[in-house]
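The values are calculated or read from the model by the stated rules, or taken from the named source; none is laboratory data. Model, not experiment: these values are computed from the prediction. Don't worry about glycine lacking a Cβ; one is built from the backbone with ideal geometry, like all the others, and counts go over all protein chains shown. Only protein heavy atoms, including side chains, enter the accessible area calculation; ligands, DNA and RNA are left aside. Shrake-Rupley method; radii C 1.70, N 1.55, O 1.52, S 1.80 Å.
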Amino acid sequence: MSAEEAANDANKATEGEVVEQNKRSPSDFLKDVLGRPVNVRLNSGTDYRGVLACLDGYMNIAMEQTEEYVDGQLKSKYGDCFIRGNNVLYISSQKR
């Protein structure tokens, strides 16, 4: 193997390592946003914004300082909110 081929193989390995380091699983994302502000969209289109307190493997969610938005308009504010997981379309992080 020539020096050039060896260098190419080393570069490919380095690129592969970088790709591996940038991959994040959904589980990693949920661990990162625990205790932080999130937006939870339900299948009905309703959004709940608040601090993610905890969740389980069924995506059942407990939130604090929660605000309910319907069609983009604030409808209600809740201290604590519990959402059954089968209603959840997605969870996204938000800046507050």
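Tabulated data
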{"item": "Residue check, G45 exposed (fewer than 12 other Cβ atoms within 10 Å of the Cβ) and at pLDDT 90 or above", "result": "yes"}
{"item": "Cβ pairs under 6 Å, 6+ apart, first in the range 82-96 and under 19 Å from Y58 (Cβ atoms), second of a type outside the set (K, R) and open to solvent by 100 Å² or more (accessible area, probe 1.4 Å)", "result": "G85/Y58"}
{"item": "Members of the range 48-96 found to be of a type in the set (F, W, Y), assigned to a strand (DSSP E or B) and either surrounded by 13 or more Cβ atoms within 10 Å (Cβ to Cβ) or modelled with pLDDT under 95 (or both), listed by number", "result": "Y48, Y69, Y78, Y90"}
{"item": "Within the range 1-42, tally of residues that are of a type in the set (V, I, T) and modelled with pLDDT of 85 or more", "result": "3"}
{"item": "Whichever residue in the range 30-42 is closer than 16 Å to G85 by Cβ and open to solvent by 30 Å² or more (accessible area, probe 1.4 Å) and, among such residues, is nearest to the chain's Cα centre (by Cα)", "result": "L30"}
